[in-house]
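The values are calculated or read from the model by the stated rules, or taken from the named source; none is laboratory data. Computed from a prediction, not measured in an experiment: that's the story for all the values here. In this analysis, Cβ positions are derived from the backbone assuming ideal geometry, glycine residues included, and neighbour counts consider all displayed protein chains.
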Ligand code: ADP
Ligand code: MG
């Protein structure tokens with residue numbers, strides 16, 4: 001039986017049932033799965049870089065022959081010391097200039113007694129490790145501590161070592177993450193093992209001339225100069241001499257690009273199809289008459305910025321079309337998205353439709369409700385000649401109020417409904433819903449978004465509502481092109497006038513006295529301050545703050561997909577003794593902030609208490625608000641000029657950026673103080689640095705994406721991220737852009753260079769993959 005991609009892994013040479021079981025645990029069940037277990041790094045054993053050109057701390061891949069070894073047992077743990085003679089191998093001393101300044105190198109292993117029997121004089125050994133400066137004199141500048149090593153087969157050897165000699169030296173050698181488990185003989189499934197199995201598979205596939213299912217039509221590949229699938233995989237596992245190692249490491253070789261392109265191409269093609277389908281659906285054609293314009297003008301509290309005007313024009317442009325709008329409005333915190341949303345709502349209302357505004361937390365929904373009422377108070381609708389009516393619907397309202405609100409929505413008496421998840425619960429029927437606005441969309445799951453869009457209108461005959469989603473988490477373009485790939489995007493890239501940049505400073509808990517002194521000074525100047533903690537209560541209760549209002553429907557969201565390849569993410573809330581909101585509320589009030597009016601706000605308070613606390617702060621009745629991340633999104637109190645984040649090392653970048661966005665909303669100079677506990681991890685250092693150095697949300701978002709990986713980017717609640725085998729959204733933006741335009745081109749019109757069969761194959765493949773891999777969107 002000849003090997004195929006679909007062949008179960010146990011039929012591969014050297015694998016067998018037992019190993020197959022181990023592999024299955026790592027998700028490797030077929031030959032195809034195995035081939036997609038790509039090397040995570042490479043060793044250039046063909047042209048190792050000359051040591052002369054290297055510095056301590058760099059990773060070096062060296063080849064040498066064993067010149068001697070000793071076991072040093074004088075004091076402490078036994079140290080095994082191996083001396084290698086460095087010989088340029090393979091390429092006639094390339095790069096060595098005929099001179100080796102360091103002819104030997106010492107390799108040290110602690111507790112290395114077990115290594116005594118491993119090495120024999122004259123053996124060829126490949127080592128890989130970090131170069132350390134050598135102080136012991138010796139023959140050169142460097143030594144290697146605990147390097148990884150591989151004994152290479154010598155001349156005249158026989159058996160598998162000889163058979164595979166060519167894999168181990170004189171070439172660029174792939175290094176694999178261990179697939180876990182052992183062989184029936186108890187040997188580990190090392191990188192070397194993987195290499196050999198991989199090599200045998202390729203040999204068999206190529207020898208038998210097996211048809212490897214091609215997934216991209218040949219003319220497309222040719223135009224883009226992409227290799228076929230088998231060539232691509234082979235070149236990634238066993239790169240040809242001369243392939244730049246840097247390209248291999250960064251997945252920039254044609255082989256890598258080909259696999260990445262394929263994944264992106266089918267994703268983008270699916271999204272393209274969705275966009276097309278949407279365009280066939282019927283929306284409402286809103287009109288912008290003079291009357292509508294007058295209605296908007298009479299409520300505007302200030303002159304919109306140029307950016308606000310531009311995005312409103314884009315939104316209204318969509319609303320005037322026959323197709324339903326699907327637009328994402330991005331704008332950094334404080335850029336003034338709310339008023340744009342209100343203007344859009346007025347367009348719908350003045351056309352005789354209802355508008356709905358949905359927010360992720362009760363606090364934010366309530367705030368929107370109050371400010372909408374204020375904005376529309378005493379204004380008459382030119383359409384009806386009567387006042388505008390706004391209603392609030394959130395989960396924690398008492399039953400009577402909920403029922404009343406639902407009734408008004410159903411009877412069409414409410415022009416604008418503002419609420420939380422409660423708005424999309426089945427029981428709410430809109431009389432005449434024309435526009436849905438979702439604020440801080442990233443806080444809702446993707447699923448929620450679609451559920452909302454599919455909400456049928458009361459008569460069942462009406463068109464789909466227009467949908468505008470807004471987010472202050474700047475979305476790196478790669479994510480905008482994938483998760484939001486089915487939407488049009490508008491960006492507010494300008495802040496309202498009169499803002500001064502926020503001064504961001506880092507300090508540690510040791511200087512907290514100075515921080516509180518500063519807060520007192522700001523309050524004395526008539527300003528207000530926030531102090532934010534990572535947890536609600538301290539000591540024996542270190543539950544993280546649920547930064548969502550405890551809405552019933554907020555808790556049963558689908559579990560999020562894991563970050564790609566389990567990219568290591570540091571838990572933001574490991575068990576530890578942290579200062580908490582409630583504890584600090586008591587302590588600060590009684591101590592450093594004595595005499596100030598201090599409020600408390602966290603997610604476990606009742607909705608009423610929360611509202612009271614928020615309102616008092618808004619009205620300036622409290623000077624300092626001690627809170628958790630409940631205030632992270634949306635809260636707007638322009639008089640607040642100080643944001644203190646305690647245990648800042650515990651917060652994610654997006655969170656800190658959002659929190660900082662709570663200040664700097666008025667004309668007064670504002671401050672963000674990042675106070676850290678005693679342990680600050682390396683990645684936290686990076687985050688804090690970034691916060692101090694930039695206020696640009698997009699820059700922070702890119703760093704956030706790089707640190708946490710796309711799966712975690714939106715916080716743990718974002719479900720529906722596509723999983724890629726090779727592609728990486730943080731890395732492969734360039735290929736994504738190409739894939740996107742190629743997908744659009746493919747969907748647009750049949751490419752004359754493609755045969756009808758080739759075209760059908762692509763669509764068939766899309767259908768197969770869409771559900772399985774990118775289940776985020778229904779086909
Ligand atoms: P976000 O985009 O973060 O939701 P908001 O809509 O809450 O921002 O606006 C932030 C603050 O800026 C609010 O106090 C709002 O009233 C004010 N604002 C918005 N647009 C303007 C403008 N064009 N001129 C002056 N102030 C504005
Ligand atoms: Mg907002």
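Looking only at residues that are touching a strand residue (DSSP E or B) at 6+ places or on another chain (Cβ under 7 Å) and in a loop (DSSP other than H, G, I, E, B) in the range 258-285, which one is surrounded by the most Cβ atoms within 10 Å (Cβ to Cβ)? Once the filter is applied, the top-ranked residue is 284.
Could you please find all residues in the range 706-727 being at pLDDT 60 or above and over 10 Å from the mean Cα position of the chain (by Cα)? Result: 722, 723, 724, 725, 726, 727. When the range 513-524 is filtered for residues that are surrounded by fewer than 17 Cβ atoms within 10 Å (Cβ to Cβ) and touching a strand residue (DSSP E or B) at 6+ places or on another chain (Cβ under 8 Å), only 514 remains. Out of all the residues in the range 607-628, which are touching a helix residue (DSSP H, G or I) at 6+ places or on another chain (Cβ under 6 Å) and within 16 Å of ligand 2 (Cβ to nearest atom)? Once the filter is applied, which keeps residues that are touching a helix residue (DSSP H, G or I) at 6+ places or on another chain (Cβ under 6 Å) and within 16 Å of ligand 2 (Cβ to nearest atom), the range 607-628 yields only 614. Entry remark, the range 513-540: residues being touching a helix residue (DSSP H, G or I) at 6+ places or on another chain (Cβ under 6 Å) and either within 16 Å of ligand 1 (Cβ to nearest atom) or without any contact (Cβ under 8 Å) to a residue 24 or more places away in the chain (or both) number 0 in total. If you go through the range 470-512 and pick out every residue that is in a loop (DSSP other than H, G, I, E, B), crowded, with 21+ Cβ neighbours inside 10 Å and within 16 Å of ligand 1 (Cβ to nearest atom), you end up with 4.
The helices (runs of 4 or more DSSP H) found wholly in the range 306-380 and carrying at least 3 residues that are surrounded by fewer than 23 Cβ atoms within 10 Å (Cβ to Cβ) and away from ligand 2 (no atom under 13 Å from the Cβ) occupy 306-319, 362-376. Can you tell me which residue is farthest from residue 369 (Cα to Cα) among those in the range 634-650 that are out of contact with any helix residue (DSSP H, G or I) (no Cβ under 6 Å at 6 or more places or on another chain), in contact (Cβ under 8 Å) with a residue 40 or more places away in the chain and within 16 Å of ligand 2 (Cβ to nearest atom)? If we take residues in the range 634-650 being out of contact with any helix residue (DSSP H, G or I) (no Cβ under 6 Å at 6 or more places or on another chain), in contact (Cβ under 8 Å) with a residue 40 or more places away in the chain and within 16 Å of ligand 2 (Cβ to nearest atom), then 640 is farthest from residue 369 (Cα to Cα).
Any residue that is at pLDDT 85 or above, over 22 Å from residue 672 (Cβ atoms) and more than 16 Å from ligand 2 (Cβ to nearest atom) - is there at least one of those in the range 568-583? Looking for residues that are at pLDDT 85 or above, over 22 Å from residue 672 (Cβ atoms) and more than 16 Å from ligand 2 (Cβ to nearest atom), one finds at least one in the range 568-583, hence yes. For residue 21, the test of being surrounded by fewer than 15 Cβ atoms within 10 Å (Cβ to Cβ), modelled with pLDDT of 85 or more and out of contact with any strand residue (DSSP E or B) (no Cβ under 7 Å at 6 or more places or on another chain) is passed.
Give just the number: which of (1) in contact with a helix residue (DSSP H, G or I) (Cβ under 7 Å, 6 or more places away or on another chain); (2) at pLDDT 50 or above does residue 589 not satisfy? For residue 589, the exception is condition (1).
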